[in-house]
Amino acid sequence: MAVVKLSNFMRGLSGRAGNAVYRFTKNGTELADRPIVNNPDTPSQSAVRTAFTRVTQQWKSLTPAQAEAWNTYAEGIRDMNDVSGSIRQRSGFNWFVAFGTRYLLVNSDENQAPATPPQASFPGDALTFTVTAQTGAIKFVASAPNGAFTTTALLVQRLRNANAKPSKQYRTFKHFAFASGSLETTVPVTPGHYAVAIQYVNLLTGQETEMNTLGKVGPVSFAVAEGSSKSKKAA
C-alpha cells in the first residue's frame, strides 16, 4: 500500500486553490468562495471554478467500470498530513477531481479530463532555477527545457516583510513549459517581498510533484507607466 504526501495543489482541494476553497465532506468534494478576498472574480479563480465544475460533472458520466477503476486506484494510496502526520484515504472521486481539475487548467483547449486513472507515477523534472525580482514582476530562468509532456507551475507567496517566514499557502500564478530558446518567463506581481516555488505537472494526466521551494526574492519595485511622471511647476 503506497503512502503519499500531497503537493500544494492537492492539499488545496481540501483547503485553497487560488481564491476558491475546497472541502472534503461525506458528500464528496465541495467548492465555496473564500470568506474574505479582495477580488473574488480573478481570472485565476474563474479558471479553477470552470475546471472544477467540468470535472465534477464529468464524474457523473463515467461508466461504472471507469468509476470502479478510480476507486481501485484510490485504495492503493494513502495521503499523509505533513503537519500532524495523520494518514487518510481519499475516494476515487476525490482523486479524479484532483487530477482532472489540474489537467484542465494546463490544457485550456480540452473540455474533459482523462476518464481513467494514471498507470504510472510522475517524478517530474530535475531542473534548477534562477529567480530574480524585476520591476513589477518576478523572473524565472530554468537551467534546461521541461521534459516531454511536462509543464511547470510557478508558485508565489507575498511576504509581510523581507524577514517573514513563508507559510504553506503558495498560489499558482502561472503554468509555463520551459523549452529550448524559451528558458525564462516573468510573473507580474505587486511591489514587495516574495517566497517562490515550483511544481511539475504532467500534461497527459494532471499528476503533479510535491512543491519545491526556491527561497525568497525582493523587493519587487513599482512599475512606472510611461508618461506618468509630472514635472513640478516653478514657484
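We did not get these values from a lab; they are worked out from the coordinates using the rules stated. Every value quoted in this text rests on a predicted model; they were computed, and no experiment measured them. Counting neighbours? That spans all protein chains shown, and the Cβs are built from the backbone with ideal geometry, glycine included.
Values for this structure:
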item	result
Any hit, segment 154-162, residues being out of contact with any Phe, Trp or Tyr (no Cβ under 6 Å at 6 or more places or on another chain) and free of Cβ contacts under 8 Å to residues at least 40 places away in the same chain	yes
Selection within segment 157-208 - in contact with an Asp or Glu (Cβ under 9 Å, 6 or more places away or on another chain) and buried (at least 19 other Cβ atoms within 10 Å of the Cβ)	Phe178, Gln199, Tyr200, Val201, Asn202
Those strands (runs of 3 or more DSSP E) lying entirely in segment 123-211 with at least 2 residues out of contact with any Leu (no Cβ under 7 Å at 6 or more places or on another chain)	129-134, 137-142, 150-159, 184-188, 192-202
Neighbours by Cβ (under 8 Å, 6+ apart or cross-chain): first from segment 105-134, on the phi > 0 side of the Ramachandran plot; second crowded, with 17+ Cβ neighbours inside 10 Å and assigned to a loop (DSSP other than H, G, I, E, B)	Gly124/Thr209
